[in-house]
Ligand code: FAD
């Protein structure tokens with residue numbers, strides 16, 4: 001008997017490589033493509049901020065348009081998950097609910113509750129993996145039921161598993177014609193809401209537009225430059241270029257507007273034709289494997305997004321300092337490089353990987369000694385690509401709480417950005433108050449004389465803050481603390497340690513150029 005199916009979109013907001021939707025269409029006489037817009041869940045569990053709201057609504061709008069072109073439609077139903085589903089299963093005599101399997105605890109719990117509802121109301125549930133390259137359970141099985149805790153070990157397990165499954169074929173109008181679409185009137189009742197309907201600020205609009213169509217276009221653009229793709233070497237990309245120097249596809253992967261498997265195999269085709277190509281961990285496929293690595297570890301590590309109760313994470317007595325955290329979050333540290341990055345993050349919802357390194361190191365082990373969990377929460381709210389596993393994994397990495405062990409390498413908030421953008425164009429764009437400073441001062445404007453500050457139209461301490469810490473003193477102090485923690489928790493530190501050096505890390509020598517910050521000025525700032 002063919003099913004009457006609700007296909008539930010959660011992530012996976014796409015029609016290409018969508019194995020679950022394909023299975024729904026192949027097994028049903030009618031398919032209702034549904035997105036349950038549960039505001040409580042999205043705000044209190046997913047913590048989505050305004051920029052991501054816009055991105056989500058644009059992605060839903062695009063999905064609606066693409067479904068419409070194939071003779072179906074998207075039904076966006078507002079309300080809490082369980083009552084909405086219960087109601088519509090009964091109303092539409094549903095016999096099957098299909099949804100992508102996800103690995104986040106809150107999505108797993110949601111699937112479990114849908115399965116309980118299925119037992120109660122008598123519908124079947126089908127869930128398939130579509131958001132990652134592999135079913136992480138298969139990786140765990142091959143590694144004796146535990147996650148491989150280093151990238152090297154992870155790659156070894158993947159070599160035993162072989163290539164990921166190939167993407168499923170694109171959906172066509174025939175697929176939708178084979179079973180009935182929802183009644184035309186329903187689409188009108190359940191349209192995609194506008195931001196104003198949800199009271200989402202219209203001021204916060206990122207230059208990144210959500211949706212599968214935009215994601216695929218960006219993918220195609222990158223893939224036309226086969227030389228760039230084949231030679232991509234992550235540490236050589238530039239954190240402060242005015243346009244992204246990496247693919248900028250992360251927001252699309254994060255919401256599932258783009259399939260990672262599609263990207264992976266398109267890359268394989270290019271590699272197959274190239275004389276030479278870069279390799280993991282620095283190649284583009286290597287980036288997707290980092291994603292997969294964090295997904296795998298997160299799927300089987302208790303309390304992965306927390307320090308307490310997280311067995312792979314160093315337990316550190318971080319400082320609680322709301323005022324300092326606020327300065328970091330609101331781009332008022334007094335270090336233009338850090339503040340420009342935090343401004344780009346707030347305005348656009350995306351920053352380069354090494355820019356993420358800079359601000360994460362500054363907040364945690366570098367300068368402020370504030371917990372990585374605080375930084376992770378800020379990223380979760382502001383990033384378009386915010387992702388449960390990748391965000392927490394990278395924050396643990398940057399704070400040297402897990403995965404990364406060369407903790408004596410601390411990024412200098414003055415030197416780091418200057419290496420790739422000596423004129424400070426990036427700072428001038430995101431912190432226009434500093435735009436008239438000569439290049440030699442743009443990364444440390446407090447070193448300009450009063451006269452020079454007047455000429456630049458920006459008085460430090462008045463129009464732009466003094467640095468909130470003396471980087472040399474703070475980082476020296478924190479280094480000693482970190483050394484002690486690692487000696488005391490040697491065993492935990494070893495859990496995620498590879499015996500090879502970390503090639504992803506750019507070697508930035510610690511420098512002491514901040515000695516030019518006079519103690520008086522710093523003291524005034526911190527008082
Ligand atoms: P590209 O270099 O073009 O890479 C292609 C894809 O590979 C990315 O889109 C992403 O899906 C994946 N990828 C790349 N780098 C990593 C990485 N280090 N770890 C895991 N996957 C990776 N990425 C997120 O997608 N969501 C997050 O919430 C997130 N939080 C981060 C927090 C911190 C503190 C740091 C240091 C990094 C974080 N990253 C996160 C990882 C990385 O910075 C972004 O994935 C990358 O910058 C996105 O840009 P891109 O698409 O141009 O990447």
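So the values come out like this:
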read-out: Equivalent ellipsoid, the stretch 257-305 (semi-axes from 5 times Cα gyration tensor eigenvalues, Å); value: 27, 13, 6
read-out: The stretch 144-287: proportion of alpha-carbon pairs further apart than 24 angstrom, %; value: 52 percent
read-out: The chain, helix-only ellipticity at 222 nm - DSSP H runs n ≥ 4, -39,500 (n - 2.57), divided by all residues, nearest 500; value: -13500 deg cm²/dmol
read-out: Inter-label distance for residue 29 and residue 220, nm, one decimal - labels placed 7 Å from Cα along Cα-to-Cβ; value: 3.9 nm
read-out: Length-normalised contact order for the stretch 145-284 - Cα pairs under 8 Å, 6+ apart - percent; value: 29 percent
read-out: Mean separation of Cα contacts under 8 Å, 6 or more apart, over the residue count of the chain: relative contact order %; value: 16 percent
read-out: Label-reachable residues, the stretch 99-133, where backbone N falls under 19 Å from a point 7 Å from residue 141's Cα toward its Cβ; value: 101-103, 126-133
read-out: log₁₀ of I(q)/I(0) at q = 0.11, 0.13, 0.22 Å⁻¹ - the stretch 395-485, Debye sum with one point per alpha carbon; value: -0.42, -0.56, -1.06
read-out: Theoretical FRET efficiency, 1/(1+(r/R0)^6), r = Cβ-Cβ of residue 86 and residue 308, R0 51 Å, to 0.05; value: 0.90
read-out: Cα-derived Rg to Rh of the stretch 75-217, Kirkwood definition; value: 1.02
read-out: Equivalent ellipsoid, the stretch 171-213 (semi-axes from 5 times Cα gyration tensor eigenvalues, Å); value: 31, 17, 4
read-out: Two-site FRET efficiency, residue 109 against residue 163, from Cβ-Cβ distance with R₀ of 51 Å, rounded to 0.05; value: 0.95
read-out: Relative contact order (percent, whole number), the stretch 321-407, Cα cutoff 8 Å, 6+ residue spacing; value: 23 percent
read-out: Debye log10 I(q)/I(0) for the stretch 292-445, one point scatterer per Cα, at q = 0.19 Å⁻¹; value: -1.16
read-out: Rounded tilt (10° steps) of 336-348 against the dominant C-alpha axis of the chain; value: 20 degrees
read-out: With Cα atoms, 0 to 90° folded angle of helix 151-161 axis to the chain main axis; value: 20 degrees
read-out: The chain: translational diffusion in µm²/s, Stokes-Einstein, Kirkwood Rh over Cα pairs, 10 °C, 1.306 mPa s; value: 64 µm²/s
read-out: Peptides ranked, highest mean first, by Cβ atoms within 10 Å: ranges 356-368, 9-21; value: 356-368, 9-21
read-out: Whole-number D in µm²/s for the stretch 229-372 (Stokes-Einstein; Kirkwood sum over Cα pairs; 25 °C, 0.890 mPa s); value: 140 µm²/s
read-out: Euclidean distance of C-alpha centroids, the stretch 114-172 and the stretch 277-296, integer Å; value: 17 Å
read-out: Peptide ranges 194-202, 117-125 listed from the most packed, as the mean C-beta count within 10 angstrom indicates; value: 117-125, 194-202
read-out: Simple label model, 7 Å out from Cα along Cβ direction - residue 490 to residue 170, nm; value: 5.8 nm
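The numbers here are math on the coordinates, done by the rules we state, and not lab data. Every value quoted in this text rests on a predicted model; they were computed, and no experiment measured them. FYI the Cβ positions are ideal-geometry reconstructions off the backbone, even for glycines, and counts take in every protein chain you see.
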